[in-house]
Amino acid sequence: MQYFTGTPDNPIRVAIIGSGPSAFYAAEFLLSASDAVVEVDMFERLPTPFGLVRGGVAPDHPKIKTVTRAFERTAQHERFRFFGNVTFGRDLTHGDIAAHYHAVIYATGAQTDRRLGIPGEDLPNSHAATEFVAWYNGHPDYAHLSFDLSQERVAVIGNGNVAVDVARILARTPDELRQTDIADYALEALAQSNVREILILGRRGPAQAKFTSLELKELGNLAGADVFIDPRELELDPLSAEYLRSGESRTAVRNYEIFQEFARSRPLAKPRRIIMRFLLSPVEFVGTDRVEAIRMVKNEICEREHFMSPCPTEEYETVPVGLVFRSIGYQGVPLPGVPFDDRQGIIPNKRGRVINEHGERMRGEYAVGWIKRGAIGIIGSNKPDAQETVEYLLRDMAFHQHFCPANSSREAIPDLLQRRGIRYVTYEDWQLLDRLETERGETVGRPRIKLTSVAEMLNALETARQAATP
C-alpha cells in the first residue's frame, strides 16, 4: 500500500470547524507534522477568532488571553487560512467539506449551559451564567441582553471557576472594570448596579469545590467586596476530612485553607459582600413575575460507587433573592449532519475519531476540545487533547482512511463562498479589526473597546478598506 502523507503539490487538506484554543492547537500540530504536508482551513461562525478566550475569559484576567500570541504564530503559517463569518451547516455544508477536504476536525466547544430541571427555572431574572459571561464579554449573540441589576441580592449557583468569575464581575467596582476590555454597555450597566450581596451556592461541600485556588483567593482581594463564610459551613464529614488528610488533591487542600482564611477574616465594611455556602441544592425557584427566592434542600456527603457525592436530606431552606445565575456546566450543541450524544452533550468519538450511533468510525471526521470530551479542563488541557486527535488523523491519512474529495484545490473554497455571496473574513481582516478595537480603547485609556455586533464588524472592515484604497 502506498502511504498518503501529502506533498507540496498534493497536500492533505483539513478543515477545522471552530477557532477556539482546541482548534488552534490542532492546527499547530497538523502544520508542524514532520512526516506530512498539511493545509489547514479554519472556519468560524463569527468574524473574530479565539472562541472562549475572547468571549469567555473574564475581562479582568488579561494574562490568560495572552495565549492568543501562540495562536497568532500558527495563523501566520503559509499553509493556514482563516474563514470567519462562515456558518457550518448553512454557508458551508457537511457535503461541501467532504467534497473539498480529506478530513474535518470539529472544534466547536460547548456552546450552551446545562439546566437544573427544576420548577421556576425559566422565571424572569433566572439566567444561565453562560449568557451573562458572553454578554459582558461583548459576544455578538448576547450583546442585546439585559440583566436586572437593580436587585440587591444575587445568587450564583455553582462551585467552579465560571461561578467565581460571575461573582467577581458583579462585585468589582467601576474603576476596576474600566481597566479591562469589558464591553462598553456592560461597563455602564454594572456601574449603575444595585447589587450588594452575592451568594455563591454549591451542592457539594468545601472539600469538593471545583475552584482553582488562584481564582478563589482572588475573591479576597477585591476593592469593593468582603468575603464571608460562616465557620459552621466548613465543618467536615468523615469522608471529606479523610479526603483532605490523604493529600490526594493539593487544590482541595489549598482551597480549604483559603476558605478557612475567609471564615477568620474580619469584614472591612466594603459596600458589597460575597457569601459562600455549601451542601445546598436548588429544588425550586420561587416567584410569580420574577424570581423572588430559591428553595433548597440541604445535602450531606455520602459515598456512591467509591465517589463522594452530595445526598439530599429531609431539611430545606428558602433564601430570598432577586436575580439568579446558574453555573452548573457547559455542554455542546449538535451540528448539522454530524453524530451527537444528547446525554453527554458531545460528538461521540473514540480518542477523537468520530463514531456513529452504531459505534462505527466515521471516515475522515474527528473532534477536539470540549465537543470531544465534555466541558472539563482549562485552556491548556486542550493541547494534549488536540495532539491525540491529530496523531490518529495523520495515522488514518497514511492508510487512506479519509474523505475522497472531488476537488481539493486550494482556491475551490474561496470560489464557492464567493459564488454563494458569503462575505467571509480573513485572518488579515481580523488583524485589522483587532487594531481598530485597541485604537478605540487607547483613546479612553482602556485595553480595547470591542465591536459587539457582526454588522458593526463588517461595516468597520468595509470602511477601513475604502479608506485604504487610493
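The numbers here are math on the coordinates, done by the rules we state, and not lab data. As the structure is a prediction and not an experimental result, all values here were calculated from the model. Because the Cβ atoms are built from the backbone with ideal geometry, glycine has one as well, and the counts that use them run over all protein chains shown.
Key figures for this structure:
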| item | result |
| --- | --- |
| Simple label model, 7 Å out from Cα along Cβ direction - N356 to S453, nm | 4.3 nm |
| Gain in span if fully extended, A467 to A241, counting 0.36 nm per residue against the direct Cα distance | 74.8 nm |
| Contact order normalised by residue count of the chain, Cα under 8 Å, 6+ apart, percent | 23 percent |
| Sequence-separation-based contact order of the range 114-328, relative, with Cα cut under 8 Å and 6+ spacing, percent | 31 percent |
| Helical contribution to [θ] at 222 nm, DSSP H n ≥ 4, -39,500 (n - 2.57), averaged over the chain, rounded to 500 | -9500 deg cm²/dmol |
| Label-point gap, in nm, between H94 and T288 - each point 7 angstrom along Cα→Cβ | 4.9 nm |
| Sequence ranges 202-214, 86-98, ranked by mean other-Cβ count within 10 angstrom, highest first | 202-214, 86-98 |
| Inter-label distance, nm, simple model (7 Å from Cα along the C-beta direction), R440/H306 | 5.4 nm |
| Sequence-separation-based contact order of the range 237-336, relative, with Cα cut under 8 Å and 6+ spacing, percent | 20 percent |
| For the chain, cysteines whose Cβ has no other cysteine Cβ within reach (under 4.7 Å) | C404 |
| Coordinate range along principal axes, alpha carbons of the chain, Å, largest first | 69, 58, 40 |
| Convex hull per residue volume in Å³, alpha carbons only, for the range 131-259 | 113 Å³ |
| Inter-centroid distance (Cα atoms) of the range 395-457 relative to the range 359-388, Å | 22 Å |
| Net dipole in debye of the chain [+1 Lys, Arg Cβ; -1 Asp, Glu Cβ; about Cα centre; nearest 20] | 500 debye |
| Potential extension, D141-R254 segment - 0.36 nm per residue separation minus Cα distance | 36.9 nm |
| DSSP-defined beta bridges in the chain - what % are antiparallel, rounded to 5 | 40 percent |
| Unsatisfied cross-links (Cα-Cα over 19 Å) in the set K65/K450; K217/K372; K210/K270; K217/K270; K270/K298 | K217/K372; K210/K270; K270/K298 |
